[in-house]
Amino acid sequence: SGGGVYLQAGKVANCTLSENTSVYDLNWDRGGGGIYIRGVCQNSDIKGNRAGCGGGVYMNGTTAYAINCLIRDNVSLSIWWGCGGGGAFTRAGTLYLNNCTVVSNYSVGRGGGLNAYYAIVVENSIIYFNTSETVNSNYYFQGAGCALTNSCFTPDVSGAVAANSTNN
């Protein structure tokens, strides 16, 4: 887990996390090519990473924050039903994306940009031109809910937002 950084608590700031790989298997905790996060990642560039789930960012548990981050050109390699998220994947807890840009990520599974198996809050962010081999190329929200506030999603993927989400 966490090919570049494995953060259980605390903060990573002003970093470039690039060209890292998290070894893939069917273990849920084997994700985050760039960073496995349970803390704060701020003012960082997360690019060109690879993992089974969450090519750039993987979050599992409590709460995590990505603030002012550029998440780009990452790859999620898993076709497993619960995985995906070339840019970011959240398994449990809540991931907050604030003032982030998630662009040009790719997933073999669902959600080229974002895949939220659990809760995600996206504020003042741009999620665009991400791709996947299956459904919902830009984002896929499948879990406990999501909140989208003052954010742009292009192209908008019809039906990609779960019924328990809000989009303002």
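The values are calculated or read from the model by the stated rules, or taken from the named source; none is laboratory data. It should be emphasised that the depicted structure is a prediction, and the values quoted were computed from it without experimental measurement. Note that we place each Cβ from the backbone using ideal geometry, even for glycine, and neighbour counts take in every protein chain shown. Remember, those area values only see protein heavy atoms, side chains included, never the ligands or the DNA or RNA. Shrake-Rupley method; radii C 1.70, N 1.55, O 1.52, S 1.80 Å.
Remark on Arg110: its backbone amide H falls under 5 Å from those of Gly85, a criterion applied only to residues 5 or more positions apart or on other chains, H modelled at 1.01 Å from N. D by Stokes-Einstein for the range 4-141, Kirkwood Rh over Cα pairs, 20 °C, 1.002 mPa s: 160 µm²/s.
Packing-based ranking of 109-115, 6-12 yields 109-115, 6-12, ordered from highest to lowest mean Cβ neighbour count within 10 Å. Scoring 83-91, 42-50 by mean Cβ neighbours within 10 Å over their residues and listing the highest first yields 83-91, 42-50. Ordered from largest to smallest accessible area (heavy atoms of protein chains, 1.4 Å probe), the residues Ile120, Ile79 come out as Ile79, Ile120.
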